[in-house]
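Before any comments, here is the structure.
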Amino acid sequence: MDHTAHEPGKRAHGTASWGTAVKATLHCLTGCVVGEILGMVIGTALGWGNVPTMVLAIGLAFLFGYSFTLIAVVRSGLDLKAAIRIALAADTVSIAVMELVDNLIIALTPGAMDAHLSDGLFWSALLGGFAVAFLITTPVNKWMIGRGEGHAVVHAHH
């Protein structure tokens, strides 16, 4: 008997609902936005070039993305080591896809890499990149959750 219809966010035949995929992607997006904007602000404030600033921003996007999941899972009662494994399993692909898409859009938008924090082009490229990344990452998360991977591993601990 197929019991996937009884699991949170799943329907029969192992497919995830779009609502669950959207929530997982919004969770990922929140961490990415916080980390990426903080990285851009720090890199710009320190007068760093594009590459070190992007590396910092991407690193912080992963850090914040993982941290949001980690905090929620630790609150559910898991020890830190198990919580770290779950956060890595839940968020790595989602954050990677989101960061790849977002940073590609920024890199391919003429003038965006040289725009400053006070420029509308900087913010429109960054936020537009995140909007497109959300649209691309949501089906990826839906597919992964339907397979019992990605954010599906977190649901057992909420």
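When you restrict to C-alpha pairs under 8 Å that are six or more residues apart and normalise by the size of the stretch 50-131, the relative contact order lands at 25 percent.
The amide H of Ala16, built 1.01 Å from its N in the peptide plane, has Arg11, Gly146 as neighbours under 5 Å, considering only residues 5 or more places off or on other chains. When only alpha carbons are used to place a centre, the stretch 32-52 and the stretch 78-124 end up 11 Å from one another.
3J(HN,Hα) along the stretch 51-60, derived from phi through the Karplus expression 6.51 cos²θ - 1.76 cosθ + 1.60 where θ = phi - 60°, amounts to 5, x, 5, 5, 4, 4, 4, 5, x, 5 Hz, with x in place of Gly and Pro. To the nearest 10, the accessible area of Ser67 is 40 Å² with a 1.4 Å probe. Is the C-alpha gyration tensor of the stretch 1-142 telling us rounded, prolate or oblate? Criteria: a/c under 1.5 is rounded; beyond that, a/b larger than b/c is prolate, otherwise oblate. Oblate. Taking the protein heavy atoms of the chain in the context of the full set of protein chains, the accessible area attributed to carbon and sulfur is 71 percent at 1.4 Å. The phi torsions of the stretch 33-44, fed into the Karplus equation with coefficients 6.51, -1.76 and 1.60 and a -60° offset, translate into couplings of 5, 4, x, 5, 5, 4, x, 5, 5, 5, x, 5 Hz, rounded to whole numbers, with Gly and Pro shown as x.
Charge dipole (Cα centre; +1 on Lys/Arg Cβ, -1 on Asp/Glu Cβ; no other charges) of the stretch 25-158 amounts to roughly 440 debye. Between Leu108 and Glu149, the modelled label-to-label distance comes to 2.4 nm, taking each label 7 Å out from Cα in the direction of the beta carbon.
Normalised by the number of residues in the chain, what is the relative contact order in percent for Cα pairs under 8 Å and 6+ residues apart? The partial results should precede the final answer.
On the way: 224 pairs, mean separation 46.2, N = 158.
Once normalised by length, the contact order is 29 percent.
The values are calculated or read from the model by the stated rules, or taken from the named source; none is laboratory data. This structure is a prediction, so every number in the text was calculated from the model and none was measured. All Cβ positions, glycine included, derive from the backbone under ideal geometry; neighbour counts span all protein chains shown. With ligands, DNA and RNA removed, areas are computed over all heavy atoms of the protein, side chains included. Shrake-Rupley method; radii C 1.70, N 1.55, O 1.52, S 1.80 Å.
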